[in-house]
1. Short version: ³J(HN,Hα) in whole Hz for each residue of region 263-274, in order, from phi by Karplus 6.51 cos²θ - 1.76 cosθ + 1.60 (θ = phi - 60°), x for Gly and Pro, what are they?
2. Considering the chain as a Gaussian network with a 10 Å cut-off on Cα pairs, which listed residue, 56, 221, 169, attains the greatest mean-square fluctuation?
3. Enumerate the amide H contacts of residue 226 below 5 Å, restricted to partners 5 or more residues apart or on another chain; note that Pro and chain-start residues carry no placed amide H.
4. Can you list the HN-Hα couplings for region 31-36, worked out from phi with the Karplus curve (6.51, -1.76, 1.60; θ = phi - 60°), rounded to whole Hz and with x for Gly and Pro?
5. Just to be sure I follow the rule: in the chain, considering lysines 8 or more places apart or on different chains, how many pairs have Cα atoms under 15 Å apart?
6. Rounded to the nearest whole Å², what accessible area per residue is found for the chain with the 1.4 Å probe?
7. Once the piece of chain linking residue 152 and residue 248 is laid out straight, how much longer is it, given 0.36 nm per residue of separation minus the C-alpha distance between them?
8. Averaging over every viewing direction, what projected area does the convex hull of the Cα atoms of region 233-304 cover, in nm²?
Amino acid sequence: MPVNGPADVLRSDASPEPPSKYVNTFGAFLELYNSPADLIKAYEDHRQRRNLERRSLILSSGIICPDKILRGLVLENQPPEFDPRNCISLWCRPPSHVMQFIAQVQSKLRQAEPEIWCMPQNCLHMTALEIVHSKPDSYVNSVVAQLQPHLDHLLAPLPAPLLVKPILSYDQNALAISFVPEEHSSSQSDWYTYQHYRRDLCDIVQRKAGITVDSRYHFPSAHVTIARFVKPLSGPVEKWIDALDAINEWIASSETTKNIRWVVGEERGSECRCGLIWYGGGRAEGIGMTVQEATHRERKGRKERHVWRVR
């Protein structure tokens, strides 16, 4: 039998809910933007507005902010514990075609700024839910123990949300590829997006596991961080911004890149990632099935149940 996914487990009577002290900001956002068109527009407006604001800020200030901890790790040979920020997050791993696209973007970034640090391909991830951040390792271990009984549901890949329309998003600290949710259905009753997926993950963690989600980010975003600064820019900020504009123009004009579609859980299952994960490291406390594996198991289960009924 397939494991119930995030949307299904909340409809089960698996366990009583703790007192209603938890706030699910992802669900509140869906109540505010309660149609497919409104939700997609909110995601699109957020990333476009943010890029314009950061573009203006970088050009007016001339400031880029190198990451001091990352600089210590990659340029000064500091030990891993130089980064004290232990975290727990639920990650979605990009499939191969998205990774190949990101590698192209990273190559273009290096051409514009050779000293930029690019996230290694095997570390690329999208944080679906940040549960704990910047805590001692002992605290993280205690929360992981509380989370363990619920990992099968949290990491189940179905229903699988769909992400589309990548662009390069950026600020003074880092660069990311951001996506918007795809509208699965025009029906108000059965549409399911990445925002619904995040809402359901948050509900399982809070209502079922009894853990208060301590996340830094609640805005509508689906992004994979692909690069960070470890040194100041080698040239003028105007040249840097021109390079970023050119990359987004390339993404928008290429049939291959602008039509990228990412089924979350495709090829690689979701992960519960713990420890020093800020730059793609840490340890996996659990890895879910891929969409393909879960679909195959579900079909096999239906076939076996049909044979049993015939007998």
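The values are calculated or read from the model by the stated rules, or taken from the named source; none is laboratory data. A quick note: this is a predicted structure, and the numbers were derived from the prediction, not measured. For neighbour counting, all protein chains shown are included, and Cβ atoms are generated from backbone atoms with ideal geometry for every residue, glycine included. Remember, those area values only see protein heavy atoms, side chains included, never the ligands or the DNA or RNA. Shrake-Rupley method; radii C 1.70, N 1.55, O 1.52, S 1.80 Å.
1. 7, 5, x, 6, 6, 9, x, 5, 10, 9, 10, 9
2. 56
3. It is 175, 176, 177, by chain and number.
4. Values per residue, Gly and Pro as x: 5, 6, 10, 9, 9, x Hz.
5. 5
6. Per-residue value: 48 Å².
7. Additional length available on full extension: 30.8 nm.
8. Averaged projected hull area, Cα only: 8.4 nm².
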